[in-house]
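Notes to accompany the following structure.
The values are calculated or read from the model by the stated rules, or taken from the named source; none is laboratory data. The structure displayed is predicted, hence computed values, not measured ones. Here the Cβ positions follow ideal geometry from the backbone for every residue, glycine too, while neighbour counts run over all protein chains shown.
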Amino acid sequence: MRIPLLNIFDEDMRDVVSGAAFAFALRIMGAGFGFGFNLLLARILGAGGVGIYYLSLTVTTIATVIGRLGLDNSLLRYASVGAANHNWDQVAGIYRQALYLALAASGFTSVLMFMFAPWIACDIFKKPALITLLRIMAFSVVPFSLLNLYAELLKAFKKTGQASFIQGTGIPLACLLMLICLAWTTLSVDEIALIYVIASISVLSSGIWLWRKAAPQISGLRGKFCLRRLIATSLPLFWVSSMSMLMSWTDTIMLGVWMESDSVGLYNAAARIAMLTSFILVAVNTIAAPKFASMYAQGDYRALEKFARQITLIMILFATPVLTIFLVWPKLILKLFGPEFIFADKALTVLALGQFVNVATGSVGYLLMMSGHEKLMRNNIIFAAVLNVAFNIILIPRFGIVGAASSTAAALSVMNIVSMGLVYWKTGLLTFPYPKSVL
């Protein structure tokens, strides 16, 4: 049944608005579950315990990015085109090759993380309490790496709600439910890490089941896809993912090296709240990225530009009220985590502004990757990551968590503005929702 309001949009936008509405609802639920989990975490562990937990999660995230080898974005690109053309051999081939590669790579990084946990904890972070925590979290590397691949495959088949559940809602929901069930006990940070591992395995199992239901066409097909082509596409995207990860986690790593665990905990509470400013971007990208790939492959550039600008305008309209709340009442939001967390109010304000720039420039990263310009995206994100590291080195010793927030927000803004310029330079497409003549 058509929703009458959607008639003001063309067919592509109707698909995105209706699909994004469902994905957006799931993202809201995921953000709510994540917020609830972080809230309980802060109440159970305090700022110091939260800091230790998020340091271990940072190392785990690095390991999973290495374990995916950039295959997630390649899967989305080629599986989207294969599904649109009903080329099931291509879909089956890229699925099986990517799965085997990711399984081997993530298994290897998981073993390395387990073995080098003492060195990471004691020599890098000077925090011996991290050793056991890192070894527990190492068991989540393989399931978390693979569930992201299954989410991208579901996106390619336009199963955006299911992909949003696997990639955004599932783990926070599972962790929150387990925390609530165990609320009567006194939980240590190591036990909470074990909860995260169980949640990752559970969500991966759900992803495998949903994928088999979504793609019966490839059942029994070995498929064929050029392995060299897959690797050639994935390696630049691997560097994009690696540098994106570096952008996201440099602040936490450097705070962990130079500051106490309490500062890491305060900062990560602010960072996770600030991400709510841009979670509409994640919801829209879930639907938009496969359309970018198919529309660009068909040469429908005028429709692609119109589509990209319309979704940017919608995202700005959604993000503005969220930003306003964080600018006006940051302490009120942070106080929910505990009285000690209100000292992260300035960090929250700065990070929210950086995330708003991320939204206002549109889906420029996906546009570059889905149009075959992944190397430009790689170069841009490397530049931004280096800039972020330099800013953190200069600002964290002087300004603590506010310095980390300023560094991250500035580097993120520069990266997205440059990406918007690169999209216009290489494709002639403008994502910012203003007339070209005005700009």
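Looking across the stretch 162-191, the residues that are surrounded by fewer than 19 Cβ atoms within 10 Å (Cβ to Cβ) and not hydrophobic (A, V, I, L, M, F, W, C) come down to 185, 186, 188, 190, 191. Of everything in the stretch 82-102 that's farther than 20 Å from residue 163 by Cβ, of a type outside the set (Ser, Thr, Tyr) and part of a helix (DSSP H, G or I), which residue is modelled with the highest pLDDT? The qualifying residue modelled with the highest pLDDT is 101.
If you take the residues in the stretch 131-143 that are under 24 Å from the mean Cα position of the chain (by Cα) and either of a type in the set (Val, Ile, Thr) or at pLDDT below 90 (or both), which one is nearest to residue 61 (Cα to Cα)? Of everything passing the filter in the stretch 131-143, 141 is nearest to residue 61 (Cα to Cα).
Out of all the residues in the stretch 144-154, is one or more part of a helix (DSSP H, G or I), farther than 22 Å from residue 104 by Cβ and within 17 Å of the chain's Cα centre (by Cα)? Yes, because at least one residue in the stretch 144-154 is part of a helix (DSSP H, G or I), farther than 22 Å from residue 104 by Cβ and within 17 Å of the chain's Cα centre (by Cα).
Among the residues of the stretch 115-130, those identified as surrounded by fewer than 16 Cβ atoms within 10 Å (Cβ to Cβ) and part of a helix (DSSP H, G or I) are 115, 118, 119, 122, 123, 124.
Taking the stretch 95-125 as the range and being among the charged types (D, E, K, R) and free of Cβ contacts under 8 Å to residues at least 40 places away in the same chain as the test, only 123 passes. Return a yes/no flag: does the stretch 385-398 have any residue that is basic (Lys, Arg) and either modelled with pLDDT under 75 or not in a helix (DSSP H, G or I) (or both). No: the stretch 385-398 contains no residue that is basic (Lys, Arg) and either modelled with pLDDT under 75 or not in a helix (DSSP H, G or I) (or both). Just one residue in the set 94, 52, 120 is closer than 30 Å to residue 339 by Cα, in contact with a helix residue (DSSP H, G or I) (Cβ under 9 Å, 6 or more places away or on another chain) and not small (Gly, Ala, Ser); that residue is 52. Checked against the criterion of being modelled with pLDDT of 80 or more, crowded, with 17+ Cβ neighbours inside 10 Å, assigned to a helix (DSSP H, G or I) and aromatic (Phe, Trp, Tyr), the stretch 235-249 has no qualifying residue. Can you tell me which residues in the stretch 283-329 are hydroxyl-bearing (Ser, Thr, Tyr) and modelled with pLDDT under 75? If the condition is that a residue be hydroxyl-bearing (Ser, Thr, Tyr) and modelled with pLDDT under 75, then 286, 294, 296, 301 are the ones that fit.
Only residues that are assigned to a helix (DSSP H, G or I) and either free of Cβ contacts under 8 Å to residues at least 24 places away in the same chain or of a type in the set (A, V, I, L, M, F, W, C) (or both) were counted across the stretch 49-81, and they come to 14.
In the stretch 187-207, the residue that is nearest to residue 48 (Cα to Cα) out of those that are touching a residue at least 24 places away in the same chain (Cβ under 8 Å) and polar (S, T, N, Q) is 200. Does any residue of the stretch 178-186 turn out to be of a type in the set (Gly, Ala, Ser) and assigned to a helix (DSSP H, G or I)? Within the stretch 178-186, none of the residues are of a type in the set (Gly, Ala, Ser) and assigned to a helix (DSSP H, G or I).
Here residue 220 passes the criteria (1) over 26 Å from residue 94 (Cα atoms); (2) without any contact (Cβ under 8 Å) to a residue 60 or more places away in the chain; (3) small (Gly, Ala, Ser) except the one numbered (1).
Here is a yes/no grid of residues against (1) out of contact with any strand residue (DSSP E or B) (no Cβ under 7 Å at 6 or more places or on another chain); (2) at pLDDT below 85; (3) buried (at least 23 other Cβ atoms within 10 Å of the Cβ); (4) not β-branched (Val, Ile, Thr):
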{"site": "43", "(1), (2), (3), (4)": "yes, yes, no, yes"}
{"site": "46", "(1), (2), (3), (4)": "yes, yes, no, yes"}
{"site": "52", "(1), (2), (3), (4)": "yes, no, yes, no"}
{"site": "57", "(1), (2), (3), (4)": "yes, no, no, yes"}
{"site": "72", "(1), (2), (3), (4)": "yes, yes, yes, yes"}
{"site": "75", "(1), (2), (3), (4)": "yes, yes, yes, yes"}
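Give the residue that is modelled with the highest pLDDT, with candidates limited to residues of the stretch 345-384 that are within 26 Å of residue 325 (Cα to Cα) and assigned to a loop (DSSP other than H, G, I, E, B). This residue is 361. Residues of the stretch 255-271 that are surrounded by fewer than 21 Cβ atoms within 10 Å (Cβ to Cβ), assigned to a helix (DSSP H, G or I) and not acidic (Asp, Glu): 257, 258.
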